[in-house]
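Engineer: Following this message is one structure expressed as structure tokens.
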Amino acid sequence: MKDRKTRFSRRTALKIGAGAAGVLAAPAIMKVARAQTGGFNWKKFQGQSIEVSLTLGPRANNLRTHEKEFTELTGIKVGSEVVPEQQHRQQQVIQFNSGNPQFDVTSVSWHVQKRLFGKSKWLVDMKPLLADSQLTAPDYDWPDFTAGGVRWATQADGRMDTLPNNIDPWMIYYNKELFAAKGLAFPRTFEEIVMAAEKLTDKSAGIYGWVSRGLKNANVPVWTSFMLGHDVDPVDPTTVKLQTTTDGAIAAAELYKKLNREYAPPGTVGFNWNEAQTSFSQGKIGMWIDGIGFAPPLEDPTKSRIVGKVGYAVMPQGPKARHSATFGDGIGIAAGSKKREAAYLYCQWATSKVMCNRLLQSGGGSPCRASPYKSPEVIAGLKLPREWLSCLEASSAIGRPGLPEIVPVTEFRDVFGVGLTNTIGGADARAEMQKATDAFAPVLAKSEA
Amino acid sequence: MTAKSTAMDRGYGRNYLPFAYPALLITGAVIVFPWLFTLFMSVHEWKIGSPRAFVGLNNYARLAGDERFIESIGTTLYFTLLSVVLPVVLGTACALIFNERFPLRGLCRAIFILPMMATPVAIALVWKMMFHPQLGVLNYLLSLAGLPPSLWHTSLDTVIPTLVMVEVWHWTPLVMLIVLGGLAAAPTEPYESARLDGANPWQMFRYITLPLIMPFVVLAVVIRTIDALKAFDTIFVISEGGPGTASETINIYLYLQAFAFYNIGYASAIVVVFFVLIILMAMVLLWLRQKAKWS
């Protein structure tokens, strides 16, 4: 009889083998367990690869910098392409229209592309995906998204074809040193903007009180920023009628003309945001109105002469209202994509709490989640002054769309942009706005019919 | 005999015609089809994202009343005229200088043609930085010379001359090379005879050199005209057709209609009209070239 203690049976061998295999496989199992919660599994589409097309800018930088983390988390390979804004918008439309876009995921500028993309149904509706517990991470925390971001991501028909990524309220950057030298406080009203600009301007010293976009098309949000202070939207959201010849719109155009003609540096008529930013960063401009996402270079000593001297101010009170013209973007999945689920995982990761925290800390955008603004750790890691964050929060609270939600937004910007540029040259604001309105009204009527 | 050879020719043609099919196919695919398709689109109301509808000649009728289009024709002609005349005059003058023998002539020629080798978009970006009214180096140089600053591309009055300046810098070397080739090919005997007859340098240039190089100058004019008419990248990068519409050429307007406003049908009608305009100008230039040939 064999001793049972020393006998090496087949069963024992199997047990030992299974144990050894378990020990060896433990890290992999743990990894899967970490990635899998309930029915959701980040690794479900492991081995797939997706193409991502993004607009050049801080949001794209944020995603590309951490792209490897997504691949490690999901096992999905990402090929990402970054294209300058103007070219990207054209490329997207052409590719979508071809019926076979080369990307699975793309960033979408709500203020320009929302209606066109929605009307054409070029993007996947996110709502069913969000409702699918097999595909949506339990810690994604959808209620954390702000109501404003969700509203903007949602089309008129109820479809939500992007996940909210970023809101960009407009505010006024000002040079604290120049203001202090003249003993000025930051303006509280539109009238005070003009008065401050006048006092700050010293053309013989090359100092100007104001700078903003003068280049056609790019300049329209400056005008609409003033228009919102008159409680007027460029297009009535209910009737979809142009309101560009109302008293508020004309007063806004007059203000635009006065500031850019009398208190802005020569050549502002050809300035887009980057020329205005460059001029402001050289320390000889009092105020610059633009999106809050343009702050980081102003606090970078290699690019700016006004580090530590920049004031971040909420848009002052207008004659009838106080609003910050707001713009934004989301991230969506091409309806033609054959890898929708993998693409959806990327969109989730891109708008996750971790990525939103990073976006806010970089100062390159303002995420559409509420949690980053409440987190002391996130705020402690902010690369910009606290004043910037306060301005962002206060501006977001009074945010109102800076461009109309219509299909021909680019044409709207072009036609009215030409008129505004002409006013800087001395043309009559009312006549220019009337002319632009006459030219654009048929286009709007046709597109919204 | 004649009938026999003709029959042979026919057989020869039948045998070898298949070799031309690939070329015909490619020509049809890349030239004929796009043109027919453009014509097809030009008679449709076709906006990306909306259904297409046949509108006959409506797009062409709309062009006739489109102020921006009409203005863009004037801007295109103004820009083209300056962008042809100045490089041709300067390029011819440079060719005459570089045709003479002087120390380091080869090196100077090489340096002179460098701008031509640069990518238009890249040079446009560099020029744009130099044109910045406050921070650009050009206004700094003007101030060193005691001259007032210029607004360059940011003024309605100076935007076209500014863009032409970039074109001149970029393309004068090409004209110089073409004319230099003509000078190298010119016979020397007429000059010897002229010298014997007591002609002065101006007379030799006016009555011998100029007629001899004229075919080459006309060739340069043809090439420059085509280039200037289709100029897009430099204008788009530097001024984007602005301020306002001050530098909006047909190409820029066409681009806006097609790729910013997505009015594909209307943009196609602009292409057709632009094409007709180019054909007319090319015919005039080719007629001039025939007249300028050596007799």
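Engineer: Please work out if B:Ile235 is crowded, with 20+ Cβ neighbours inside 10 Å and either away from chain A (no Cβ under 14 Å) or in a helix (DSSP H, G or I) (or both).
Structural biologist: Answer is yes for this residue.
Engineer: Given the structure, is A:Phe416 hydrophobic (A, V, I, L, M, F, W, C), assigned to a helix (DSSP H, G or I), touching a Leu at 6+ places or on another chain (Cβ under 8 Å) and in the same structural domain as A:Ile306 (by TED's automatic domain parsing)?
Structural biologist: Criteria not met by A:Phe416.
Engineer: Restricting attention to the stretch B:188-204, does a residue exist that is crowded, with 20+ Cβ neighbours inside 10 Å, out of contact with any Ser or Thr (no Cβ under 8 Å at 6 or more places or on another chain) and modelled with pLDDT of 90 or more?
Structural biologist: No, the conditions are met nowhere in the stretch B:188-204.
Engineer: Moving to a separate point now. Which ones in the stretch A:110-124 are buried (at least 20 other Cβ atoms within 10 Å of the Cβ) and more than 8 Å from chain B (Cβ to nearest Cβ)?
Structural biologist: Of everything in the stretch A:110-124, those that are buried (at least 20 other Cβ atoms within 10 Å of the Cβ) and more than 8 Å from chain B (Cβ to nearest Cβ) turn out to be A:Trp110, A:His111, A:Gln113, A:Lys114, A:Arg115, A:Phe117, A:Gly118, A:Trp122, A:Leu123, A:Val124.
Engineer: Same structure, new question: For the subset of the stretch B:81-104 comprising residues that are free of Cβ contacts under 8 Å to residues at least 40 places away in the same chain and not in a loop (DSSP other than H, G, I, E, B), which member is farthest from B:Lys230 (Cα to Cα)?
Structural biologist: Here the residue is B:Ile97.
Engineer: Name the residue, out of A:Gly381, A:Gly402, that is closer than 19 Å to A:Thr246 by Cβ and more than 14 Å from chain B (Cβ to nearest Cβ).
Structural biologist: Answer to the selection: A:Gly402.
Engineer: Keeping to the stretch B:238-270, report how many residues are of a type in the set (S, T, N, Q), more than 8 Å from every other protein chain (Cβ to nearest Cβ) and more than 23 Å from B:Ser50 (Cα to Cα).
Structural biologist: Selection size over the stretch B:238-270: 3.
Engineer: Taking the conditions exactly as written (buried (at least 20 other Cβ atoms within 10 Å of the Cβ) and of a type in the set (Asp, Glu)), does A:Asp290 satisfy them or not?
Structural biologist: yes
Engineer: In the stretch B:30-58, what residues are in contact with a strand residue (DSSP E or B) (Cβ under 9 Å, 6 or more places away or on another chain), away from chain A (no Cβ under 14 Å) and touching a residue at least 12 places away in the same chain (Cβ under 8 Å)?
Structural biologist: Correct list: B:Val43, B:His44.
Engineer: Further, regarding this structure: Wholly within the stretch B:106-190, which helices (runs of 4 or more DSSP H) include no fewer than the required count, namely at least 2 residues that are away from chain A (no Cβ under 14 Å) and small (Gly, Ala, Ser)?
Structural biologist: By residue number, B:159-185.
Conditions (1) in contact with a Leu (Cβ under 8 Å, 6 or more places away or on another chain); (2) crowded, with 21+ Cβ neighbours inside 10 Å; (3) more than 14 Å from chain B (Cβ to nearest Cβ), marked per residue:
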| position | (1), (2), (3) |
| --- | --- |
| A:Val220 | yes, yes, no |
| A:Phe226 | yes, yes, yes |
| A:Asp300 | no, no, yes |
| A:Arg305 | no, no, no |
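Engineer: OK, next. Can you run down the residue pairs with Cβ atoms below 7 Å, 6 or more apart or on separate chains, where the first is in the stretch A:180-207 and more than 19 Å from A:Tyr312 (Cα to Cα) and in the same structural domain as A:Lys284 (by TED's automatic domain parsing) and the partner is at pLDDT 95 or above and part of a helix (DSSP H, G or I)?
Structural biologist: A:Ile207/A:Leu178; A:Ile207/A:Leu200
Engineer: Looking at the stretch A:242-257, is at least one residue in a loop (DSSP other than H, G, I, E, B), surrounded by fewer than 24 Cβ atoms within 10 Å (Cβ to Cβ) and modelled with pLDDT under 95?
Structural biologist: No: zero hits.
The values are calculated or read from the model by the stated rules, or taken from the named source; none is laboratory data. Since we're looking at a predicted model, the values are computed, not measured. Note: ideal-geometry Cβ built from the backbone for every residue, glycine included; neighbour counts use all protein chains shown.
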